[in-house]
Every structure is written in structure tokens, then in C-alpha cells.
Amino acid sequence: CIVKNAREIFAAPHLIIKQSHKNGTFLSEVLDYDAVFNHSLLGVHGNINKLKYLSVIIGSRVFSYYHILTNRKWLVERDELEAGDIWQTPIPKPNNAELTEACNIFDKLVNSPKENYLLEQFVRNMYRLKEYECYQIDIITRKIKSKDMSKQELKIIPQDGMVHSHQNLRLLGMC
């Protein structure tokens, strides 16, 4: 969204993104009121349905996994994202039906946060992930969530992010 003056950035609606994760998941919320936020939150102003779609993507394991592999600070300094990290994240462009589905999932999660499996299934479909890719994401994000992944374990993940052998799975404690 392009704003004409600096104050417009604080006008509703907003997507507020917490720069650090909680148990391996990034938190975001869509606000339908004007807001001012501090430096630990990133704000996006725009169409409320597109903001809900982005919130669904950001709350997924796919988003966390991507940033585990690409963020220069993760497990080194601080487990947080910078604005540039988020803006550079590849996000699939939804069609109208997908946008509506994302909004429905977002609204369901507001009322029932335990319905997270709908979010994961939707995001994996948006990225057209294969079963083995989903399995890989689940392995790594569970290790992060349990705070059981060390810097040493992260070093064994190949640059392409794929676990290619049972040897690597054993090293990750998954076999």
C-alpha cells in the first residue's frame, strides 16, 4: 500500500506482525482500528482481506521454515525477523476463491485458535508442497517449537533445506 502522508500508515486496517516467534510460530493480527505500534512490531496497511490472507501465511509452519533456512540471525544472535526479511518472503498470489478461503480460516482461528490444521493445510496447498516437503517442514519446526534444535543440528541441513537421507534424520533425532 502506498500512503500519501506518514500518518496514513497508522490508519486501519492493519496487519501487525511480531518480529520474534513464539515457539517457532510468528504471530500476527489484523486490526480494524487505527493504531500506533513500536519497533518490535511491523505494520502493513491495506485491503483487509489481503491482510487476513497474509496473516494466515505468516502463522504457518511454512513461513517459519523458510525463515529458519534464510534468516541470518536465527539460532545465532536473536530469533527475530527484520522488516526486509518479511518483505522478501515469497508469497503466492491468491485468486478470489483462495482469498475468501483464507479469510474464512482467519475468522475461524480468531474464535477457535486450536483449528490450526486448517491454516497449515491451506498454506501448504497455496505453495503446492509435496508430502515429503511437508514432512520436512514438520520435522524442523517441531524441533524449533520444542527448543530442542541446536546450532550443530542446523548445520547438517543442506542449503536446499532438504533432509536427503536417514543419516540426517538420525542426526536430527527423528529416526
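Every number here is computed from the coordinates shown, using simple stated rules; none is lab data. Everything numeric here is computed off the predicted structure, so don't read it as measured data.
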In whole Hz, the Karplus estimates of ³J(HN,Hα) for segment 107-119 (6.51, -1.76, 1.60; θ = phi - 60°; x where Gly or Pro) are 4, 5, 5, 4, 8, 9, x, 6, 7, 5, 4, 5, 4
Set LYS22/LYS114; LYS50/LYS108; LYS22/LYS93; LYS108/LYS130; LYS18/LYS52; LYS50/LYS143, cut-off 22 Å on Cα-Cα distance; pairs above it are LYS22/LYS93; LYS108/LYS130; LYS50/LYS143
